Amino acid sequence: MSSQEDGEISSPEITAIGISFGNSNSSIAYTSGEGKAEVIANEEGDRQIPSVLSYIEGEEYHGTQAKSQLVRNSRNTIAYFRDYLGKDFDSIDPTPCHASAHPQKHESTIAFSVQDKESEAQNIVTVSEITTRHIRRLASSASDFLGKSVNAAVITVPTNVTDEQREALSEAAKAAGVDVLQMISEPTAAVLAYDARPEAILKDKIIVVADLGGTRSDMAVVASRGGVYSILSTSHDYETAGVQLDQVLIDHFAKEFIKKNKTDPRENERSLAKLKLEAEATKKALSLGGNASCSVESLADGIDFSSTINRTRYELLAGKVFGAFTRLIEEAVRKADLDILDVDEVILSGGTSHTPKISQNLQRLFPPTTRILSPSTLPTAIDPSSLSARGAAIQASLVQEFEKEDIEQSTHPMVTVTPHLRNAIGVMVVSEDVQKGLFSALIEKETAVPCRRTGLFAVPREGGDVVVKICEGLRDIKVSKKEKPKTNGKPASDDSDLDSDEDEDGDEEIREKVWKIGAVLAEAAVKGVKKGGKVEVTIKVEADLAVQVEAREAGGKGGVRGSLGKARVAENGSAGSG
Amino acid sequence: MAAVQFSLPLPVLPQDWVGEKDFKAIGQLSSATQRNIEPVGPHFLAHARRVSKLPLINRNIFAATNSDLQQKRHQRTFSEDDRIQAQENVKKVEDDDVGEISEPEDPLMLQRDAKDWKGQDHYAVLGLTKHRYKATETQIKRAHRKKVLRHHPDKKAAAGSSEDDSFFKCIQKATEILLDPVKRRQFDSVDEAADVEPPSKKQAQKGSFFKLWNPVFVAEGRFSKTQPVPRLGDDKSKKEEVEEFYNFWYNFDSWRSFEYQDEDVPDDNENRDQKRHVERKNNNARKKKKTEDTTRLRQLVDDCLAGDERIKRFKKEERAGKDKKRLEKEAAEKKEKEDAQRAAEEKERLRKEAEEASKAEKAEGKKAKEAAKNAVKKNKRVLKSSVKDANYLLPAGQEAGAKRVDQVLNDVEAVMAKIDPEEMAALAGKLGGMKVAEEVAKVWSEEAKRLVEVGKVKEGELKVIGS
Ligand SMILES: Nc1ncnc2c1ncn2[C@@H]1O[C@H](COP(=O)(O)OP(=O)(O)OP(=O)(O)O)[C@@H](O)[C@H]1O
């Protein structure tokens, strides 16, 4: 079906952007000439564009303007609809739409009933249609910004979307004139956003992506091996996210209001909507400053409300929710059969990741060697709200050259399903204090094949003949006890009886990562190495799991080569624990 | 990726290492896990190209340039079967969808009024009665979601039933309590449905002790501040384990508390006294219940201990053990004594033997010496008389002058001084009974010659017999 053959017009110029489409907010991004991802602000100057549409007398409002309609025009305002797309009514949770148009069953799909035309009539707007309208507005903002018509996009989706959801999203976008080149998972997009920075160093690492949004939090543990990403575990939580933090502040201010005015603003729909919008603003302000105010004109019974709260107070009130975030991340690491000590990076993504306390808690949970990528723990962190969109934009720039069919073929499971190494492969070295020898990993576990890694190894001081012993390594966690320095006389917890639960055992545990030597795979002799010379070892694992080893004196000629037969691919496809 | 540097050295090649072409294949890679890689980022493109070289998946690749595309068009594309086949053994990373609600819902429960939340069984509301205090946070969240999907008022409206959200509120309340660690403990404290009653006397007589009591302690253990809680064990448990078990339960540190059963405190400021009164009442009630609970647990442990055959057995074993020890000790002492005695006797015997031997030796030595002395004396006499009898070695008829006699006797004395008793005996043997003077002279002269040869006498030292 080339243009010459069937007379079709050669594909028009493609202008592709990256879109992150959330239940709460959406973002659009493009890649500049230098390959740098930039987030596009819409006409109102918003980079986080609320995924909300509202209708007043036939006029459509979008984004922040629509969101503010939740107070006066909530029944004709549609919000939090992303997760409904491509689902049937029985499997959705209508809770987030409590204060806006409610989802309803419509034939085999889900729809909202709103007055979206000038006439008084209530119209049924399906979730597909509303998505189309939303994407149309996003694309139009991007087109305005770029000065050319946007007609394609890479869109991010959660890792647990179904094929039906993908299909529905693709169709809804197409109806808005946007061709979905590829849908990529949100956590991978966040990883790519960081890895695509010019200063990024290509390194094998385990990354936890914690995407903390408005109505859901999604965790993914990603193995990044030579820039190839594999998701090891995921978890999704619909009870711990931004709105739960809003609720903490709503309750706090409501109680304050009740104390003075004897009326509960939460009991009136409009009062609650007002307070909710303000509380969210207060919450965002608390991410930056130590103090924030909350003022609502005529909150309830015509009474104005104004108050301030400091960050310490807020963190105390929200302590339980913060604790739940930390546990989600711990759980995801456990599900990946990993230990906290295995994690090299934590990428905090999503709007709620601006919250300083959440990243501080993670700093305490992880060892100091783990990098916590969030605004409050790393000055050079990327705005967490924009990570998905940036990643999508970078991917768009990578694939927009290709025909869509080729993208589909290349992202097909026949290409993406790949054996991953169960154990690390490495070389034995010796050290003075360890007689038996130490394992040095060259290829980490969970590396997709084919792969190759090269290492440069030192030799004994005088040079000479050395042996390169290739083996598998198994990571082990060594736990040892450190005696706590005894406080003089009485136990220290004498006056803190109330919460002395954890202080009770006196010994502090020290946990460290050590290698256990697994199966020996091969040995190679490298002879007559010069004094001060180095030995270069290359291990290559083929796609069929055959192993090739090459060892030689660095800079020298020839060297030793050998190979091992193929290993098996495990037949068991079950998910890990949980 | 760039080569990684390792600063620790490789080991020295062992002397006896052999390998064909310096390489030795030994083991095999562990089996690999099938996973999906994310089709994202520049390195994936490289991977897709690499993979496409494989016969296995040599069908279509990520086209590098548009001009490649023309050719690719004619290649076969992946089918739905390919997709299914490829994904067959992939390790799952997503949990299954929330799925069906597993426990049937009691119609009476569905009619509950949320206002009476204190009386509601939160685990039953969420369908978690199989788990109760053991339910994890994740399980509670998933259970909640399942219930919301079914009971959200919007769902009911869709199903045409009245928009009664009463049970939905029950669900929300149950979730609120079970997801709040403090509130959950308060509820778990009074969640009698999780209790396991101790066996009655009748049951105890019939059933297996361990089967009956173990679940009781597992259930009680949920209140323990220290976790894990030691288990009751079985017949094979060691004495220390059993002791630790009862020690633990007699010193049980419980977090159980009873505020959940508080009477509501009136919430208006008007009636302060009334409020304080209720608070005091509540406080007393909590304390009373706590004390009762401690007593109850103590009684329970007492009852269990009383029926625990292991304790009796350990006592018996201990007694038997003590007796055995005593006997062993006595036997050992006796043996020790006997051994000591035997050793002393042996020593004495050896001493005596040695003494006698040395005495005999001494006596023997004396005799021999005497005999030797006598022999020497006798031999000396033989030697001396031999020269005298042989006319001082002069031919017969020649008178031996005084000088001659002196010289010859001097020589004889000199020889006798040089030779040892054996040589003397030998010489005396030859000379004894010899009468012919020439022969005697010859023997002496030979002796003199021999002595010169062995260096005992100097040439010419023996004036007469040596000439
Ligand atoms: N600076 C900030 N500090 C704290 N919270 C913030 C900040 N900015 C945004 N948020 C919160 O982040 C949440 C929105 O996150 P995000 O924009 O990632 O939404 P989303 O991906 O659409 O989420 P979801 O799909 O889970 O609803 C909101 O609860 C918002 O209040």
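The values are calculated or read from the model by the stated rules, or taken from the named source; none is laboratory data. In this text the structure is predicted, and so the values were computed from the model without any measurement. We place every Cβ from the backbone using ideal geometry, glycine too, and count neighbours over all the protein chains shown.
Look through region A:56-92, keep the residues that are in a loop (DSSP other than H, G, I, E, B) and within 20 Å of residue A:281 (Cβ to Cβ), and return whichever of them is nearest to the ligand (Cβ to nearest atom). Among those residues, the one meeting the criterion is A:80.
Quick grid of which residues meet (1) small (Gly, Ala, Ser); (2) more than 30 Å from residue B:78 (Cβ to Cβ); (3) in contact with a helix residue (DSSP H, G or I) (Cβ under 7 Å, 6 or more places away or on another chain); (4) at pLDDT below 95:
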position: A:347; (1), (2), (3), (4): no, yes, yes, no
position: A:350; (1), (2), (3), (4): yes, yes, yes, no
position: A:356; (1), (2), (3), (4): no, yes, yes, no
position: A:366; (1), (2), (3), (4): no, yes, yes, no
position: A:403; (1), (2), (3), (4): no, no, yes, yes
position: A:406; (1), (2), (3), (4): no, no, yes, yes
position: A:410; (1), (2), (3), (4): yes, no, yes, yes
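The sole residue among A:439, A:402, A:457 that is aromatic (Phe, Trp, Tyr), away from the ligand (no atom under 16 Å from the Cβ), assigned to a loop (DSSP other than H, G, I, E, B) and crowded, with 21+ Cβ neighbours inside 10 Å is A:402.
So is residue A:369 in a loop (DSSP other than H, G, I, E, B), more than 14 Å from chain B (Cβ to nearest Cβ) and either within 16 Å of the ligand (Cβ to nearest atom) or without any contact (Cβ under 8 Å) to a residue 12 or more places away in the chain (or both) or not?
On the way: in a loop (DSSP other than H, G, I, E, B): yes; more than 14 Å from chain B (Cβ to nearest Cβ): yes; either within 16 Å of the ligand (Cβ to nearest atom) or without any contact (Cβ under 8 Å) to a residue 12 or more places away in the chain (or both): no.
Answer is no for this residue.
Filtered by the rule that a residue be under 30 Å from residue B:159 (Cα atoms) and surrounded by fewer than 22 Cβ atoms within 10 Å (Cβ to Cβ), region A:126-137 gives A:126, A:128, A:129, A:132, A:133.
Taking residue A:427 as the residue in question, decide whether it is touching a residue at least 60 places away in the same chain (Cβ under 8 Å), part of a strand (DSSP E or B) and over 23 Å from residue A:225 (Cα atoms). Against the criterion (touching a residue at least 60 places away in the same chain (Cβ under 8 Å), part of a strand (DSSP E or B) and over 23 Å from residue A:225 (Cα atoms)), residue A:427 does not qualify.
Can you tell which of B:312, B:236 is closer than 30 Å to residue B:215 by Cα and outside any helix (DSSP H, G or I)?
After applying the criteria, what remains is B:236.
Would you check which residues across region B:167-180 are over 12 Å from residue B:120 (Cα atoms) and either of a type in the set (D, E, K, R) or modelled with pLDDT under 90 (or both) and list them? Correct list: B:176, B:180. Name the single residue, out of those in region A:93-113 being surrounded by fewer than 23 Cβ atoms within 10 Å (Cβ to Cβ) and of a type in the set (S, T, N, Q), that is nearest to the ligand (Cβ to nearest atom). Going through the qualifying residues, I end up with A:95.
Which residue, of A:28, A:49, is farther than 30 Å from residue B:141 by Cα, within 14 Å of the ligand (Cβ to nearest atom), surrounded by 24 or more Cβ atoms within 10 Å (Cβ to Cβ) and not basic (Lys, Arg)?
Numbers: A:49 fails: farther than 30 Å from residue B:141 by Cα.
Only one candidate passes the filter, namely A:28.
Considering only residues that are more than 22 Å from residue A:66 (Cβ to Cβ) and touching a Pro at 6+ places or on another chain (Cβ under 7 Å), which ones fall in region A:259-295? Answer for region A:259-295, where residues must be more than 22 Å from residue A:66 (Cβ to Cβ) and touching a Pro at 6+ places or on another chain (Cβ under 7 Å): just A:287. When the strands (runs of 3 or more DSSP E) confined to region A:503-559 are screened for residues that are more than 12 Å from every other protein chain (Cβ to nearest Cβ), those reaching at least 1 such residues are found at A:507-529.
Could you tell me whether residue A:302 is more than 29 Å from residue A:376 (Cβ to Cβ) and surrounded by fewer than 14 Cβ atoms within 10 Å (Cβ to Cβ)? Don't jump to the end; show me each part of the working.
Numbers: more than 29 Å from residue A:376 (Cβ to Cβ): yes; surrounded by fewer than 14 Cβ atoms within 10 Å (Cβ to Cβ): yes.
Yes, satisfied.
The listed residues are A:121, A:173, and the only one of them that is assigned to a helix (DSSP H, G or I) and either touching a strand residue (DSSP E or B) at 6+ places or on another chain (Cβ under 7 Å) or surrounded by fewer than 20 Cβ atoms within 10 Å (Cβ to Cβ) (or both) turns out to be A:173. All conditions in (1) of a type in the set (A, V, I, L, M); (2) within 12 Å of chain B (Cβ to nearest Cβ); (3) closer than 22 Å to residue A:164 by Cβ hold for residue A:101, with the sole exception of (3).
The residues on offer are A:271, A:307, A:287, A:224, and the sole one that is within 14 Å of the ligand (Cβ to nearest atom) and in contact (Cβ under 8 Å) with a residue 24 or more places away in the chain is A:287.
With within 15 Å of the ligand (Cβ to nearest atom) and under 30 Å from residue A:448 (Cβ atoms) as the only criterion, which of A:237, A:246 stands out? Before the answer, list the steps.
Details: A:246 fails: under 30 Å from residue A:448 (Cβ atoms).
Residue meeting the stated conditions: A:237.
When you look at residue A:389, is it more than 16 Å from the ligand (Cβ to nearest atom) and at pLDDT 95 or above, yes or no? No; evaluated as a whole, the condition is false for this residue.
Taking the stated definitions as given, is residue A:35 in contact (Cβ under 8 Å) with a residue 12 or more places away in the chain and in a loop (DSSP other than H, G, I, E, B)? Answer is yes for this residue. Among the residues that make up region A:332-344, is at least one of them touching a Gly at 6+ places or on another chain (Cβ under 8 Å), more than 14 Å from chain B (Cβ to nearest Cβ) and among the charged types (D, E, K, R)? There is no residue in region A:332-344 that is touching a Gly at 6+ places or on another chain (Cβ under 8 Å), more than 14 Å from chain B (Cβ to nearest Cβ) and among the charged types (D, E, K, R). Looking at A:230, A:217, just one residue is more than 9 Å from the ligand (Cβ to nearest atom), within 14 Å of chain B (Cβ to nearest Cβ), in contact with a strand residue (DSSP E or B) (Cβ under 6 Å, 6 or more places away or on another chain) and modelled with pLDDT of 95 or more, and that residue is A:230. Selection of region A:138-170 for residues being outside any loop (DSSP other than H, G, I, E, B), polar (S, T, N, Q) and either buried (at least 20 other Cβ atoms within 10 Å of the Cβ) or more than 25 Å from the chain's Cα centre (by Cα) (or both) yields A:140, A:141, A:143, A:156. In region A:176-197, the residue that is surrounded by the most Cβ atoms within 10 Å (Cβ to Cβ) out of those that are in contact (Cβ under 8 Å) with a residue 40 or more places away in the chain and more than 13 Å from chain B (Cβ to nearest Cβ) is A:178.
Evaluate the following for residue B:347: is it more than 49 Å from the chain's Cα centre (by Cα) and farther than 30 Å from residue B:209 by Cα? No; evaluated as a whole, the condition is false for this residue.
Every test in (1) acidic (Asp, Glu); (2) within 16 Å of the ligand (Cβ to nearest atom); (3) in a loop (DSSP other than H, G, I, E, B) is passed by residue A:199 save one, and that test is (2). Pairs linking a residue in region A:12-25 that is touching a residue at least 12 places away in the same chain (Cβ under 8 Å) and more than 14 Å from residue A:189 (Cβ to Cβ) to a residue that is of a type in the set (Lys, Arg) and more than 12 Å from the ligand (Cβ to nearest atom), with Cβ atoms under 7 Å and 6 or more positions apart or on different chains, are A:15/A:148.
If you scan region A:38-55, which residues turn out to be part of a loop (DSSP other than H, G, I, E, B) and small (Gly, Ala, Ser)? Give the derivation first.
Start the filter on region A:38-55 by keeping residues that are part of a loop (DSSP other than H, G, I, E, B), which leaves A:41-48, A:51.
Those that are part of a loop (DSSP other than H, G, I, E, B) and small (Gly, Ala, Ser): A:41, A:45, A:51.
For region A:256-290, a residue qualifies if it is more than 29 Å from the chain's Cα centre (by Cα) and farther than 23 Å from residue A:100 by Cα, and the qualifying residues are A:256, A:257, A:258, A:259, A:260, A:261, A:262, A:263.
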